[in-house]
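Right, one structure below, let's go through it.
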Amino acid sequence: MLTEVIPPLTVRSPAAHTDHPRYAKRLHKVVRRLVPECHVRFVLSESGSSKGAAMVTAVAGRLHSQRLQVCHTLAPFSLSPGQLQQVRDRMRVDLERGLRKGTHTGTPVKMLPSFVCTLPSGNEWGKYLALDLGGTNFRVMVVKIRSGLRRSVRIYNKIYAIPLEIMQGTGEELFDHIVQCIADFLDYMGMKNTRLPLGFTFSFPCRQTGIDKGALVSWTKGFKATDCEGHDVVDMLREAIKRKNEFDLDIVAVVNDTVGTMMTCAYEDPKCEIGLIAGTGSNVCYMEEMRNIKCMEGNEGRMCVNTEWGGFGDDGALEDICTKFDQEVDEGSLNMGKQRFEKMTSGMYLGEIVRQILIDLTSRGLLFRGRITERLKTPGIFETRFLSQIESDRLALLQVRAILQQLGLDSTCDDSIIVKEVCGVVSRRAAQLCGAGLAAIVDKIRENRGLDHLDITVGVDGTLYKLHPHFSTILKETVKALAPLCDVTFILSEDGSGKGAALITAVACSLCRGV
């Protein structure tokens, strides 16, 4: 293979270099003998090192200007301790507003009672059917719970896809699809003639009037099925089962995924009184004192409240930290003006924020040689999983370039460094915002109970928390900084919120049996 090397040959001594009659000829001959496989050409530097120094200065100036522009673009994503404290304090105000009777319906943080008042005791037993609908996948499972010395939970499940046309079709089509999946699973398990108690994890905001009654407030996470909002999801499921007319189910509980996650982890750790979802969506639930839930009757005990904190900021509370890129993502979403906090913190939107930033930097000639490819123009093309991959400490820049090439982006090493930085500031802000919100909740629980110091556990589910290399660490650091009087332990939900739905069903059945 022939290569052409063009080294600058600076002539410092005319006598030795340009004036000597044989110097150049001998130099060329020696080089050819030492590297015969290479074709080497020599070029004289006409202007000396001063021109080279000027060129180095020009390149350095261009890179410095580029660096300043990139830093200026990303600066709004870096939140100061003061800004995070403001987010914590504003979240606390909205939590209180959501609990009060007079402001409950108008606040963007819904604070929905779940009617779950008891954590698992460890004495639950039986066989239960559980459904888990929270995104593009729908899981159906049988959960077998044993108590006593042989205490255990065994799960048998199948996962079914929810096609986009079903997600955004009619409500009847959606629930008919769900029932068809249940029928397939019962056939698979040989249980079509067995009527089991059912827990339904429905990971969308519902206004519940009972453990088995919940009217959908609004769709999130890309769902847009018509004729569902305002309707009881349990009734819609029962009607779809009647239309199918192949089996019957005893629907005991409808549960939000945060509540299911909390119950799953509380089965292992009795101190778990908070559930956090940090994945496709973003949400939290926690055990609130009944005396503080003014829209409910009764002052004794506690009830799990589904905060639906994804709507935080829908009234403008986050405008001072919102960037133009957040605005562009919101304007391109199916629910413009809603779920503003979720759009800054959840896996469904972080990749899209990154894409908007990359388009902006490229259009200004700061990335990818100024070429905006057709693929980069495609909404959703930069999936959040790419953030987790690109930010991995084990990933070299060449591997980052390979990921970008999969997206049709021909990048240099400098481009890869900038892309990694963009991903880092977007995911860091998301983790800090979640941490600020969680700090408001744990400190509220501490004050509720009149404690100087609180030890509490948070049960967590979601791919962003589990798979992103830095998200969980940043979230924990933020909670510790903003709620210094609380020791917060985080445990992962290994079996998801579906197991929690079965446990809630088991607890409800135990109460009915008087156990």
Residues (of a type in the set (D, E, K, R) and buried (at least 16 other Cβ atoms within 10 Å of the Cβ)) located in the stretch 128-162 = Asp132, Arg139
query = Of the numbered conditions (1) buried (at least 17 other Cβ atoms within 10 Å of the Cβ); (2) under 15 Å from the mean Cα position of the chain (by Cα); (3) closer than 18 Å to Lys420 by Cβ, Arg385 satisfies every one except a single condition; which is it?
reply = (1)
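Residue check: is Asp89 outside any helix (DSSP H, G or I) and among the acidic types (Asp, Glu)? Lay out the reasoning, then the answer.
Values: outside any helix (DSSP H, G or I): no; among the acidic types (Asp, Glu): yes.
So Asp89 does not fit the description; no.
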query = So is Asp415 within 28 Å of Gly301 (Cα to Cα) and either assigned to a helix (DSSP H, G or I) or touching a residue at least 24 places away in the same chain (Cβ under 8 Å) (or both) or not?
reply = no
ask   = What about Gly459, is it in contact with a Ser or Thr (Cβ under 6 Å, 6 or more places away or on another chain), modelled with pLDDT under 95 and among the small types (Gly, Ala, Ser)?
value = no
request  = Of the numbered conditions (1) under 30 Å from Phe138 (Cβ atoms); (2) in a strand (DSSP E or B), Val488 fails exactly one; give the number of that condition.
outcome  = (1)
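Yes or no, residue by residue, for (1) closer than 22 Å to Gly462 by Cβ; (2) out of contact with any Lys or Arg (no Cβ under 7 Å at 6 or more places or on another chain):
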site	(1), (2)
Asp235	no, yes
Lys242	no, yes
Thr261	yes, yes
Ala278	yes, yes
Gly298	no, yes
Arg302	no, yes
Val305	yes, yes
Glu319	no, yes
Val329	yes, no
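Specify which of the listed residues (Gly450, Gly424) is within 30 Å of Glu288 (Cα to Cα), assigned by TED's automatic domain parsing to the domain that holds Asn283 and small (Gly, Ala, Ser).
Gly450
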remark   = Given the conditions (1) free of Cβ contacts under 8 Å to residues at least 24 places away in the same chain; (2) under 25 Å from Asp269 (Cα atoms), every one holds for Gly496 apart from (1)
task = Answer yes if at least one residue in the stretch 254-268 is outside any helix (DSSP H, G or I) and surrounded by fewer than 20 Cβ atoms within 10 Å (Cβ to Cβ), and no otherwise.
result = yes
remark   = When restricted to Leu74, Leu112, Leu119, the only residue touching an Asp or Glu at 6+ places or on another chain (Cβ under 8 Å), hydrophobic (A, V, I, L, M, F, W, C) and modelled with pLDDT of 95 or more is Leu74
task = Check the stretch 240-253 and report whether any residue there is closer than 17 Å to Ser114 by Cα, touching a residue at least 60 places away in the same chain (Cβ under 8 Å) and outside any loop (DSSP other than H, G, I, E, B).
result = yes
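The values are calculated or read from the model by the stated rules, or taken from the named source; none is laboratory data. Just so you know, these numbers come straight off a predicted model, no measurement behind them. Glycine also receives a Cβ, built like all others from the backbone with ideal geometry; neighbour counts cover every protein chain displayed.
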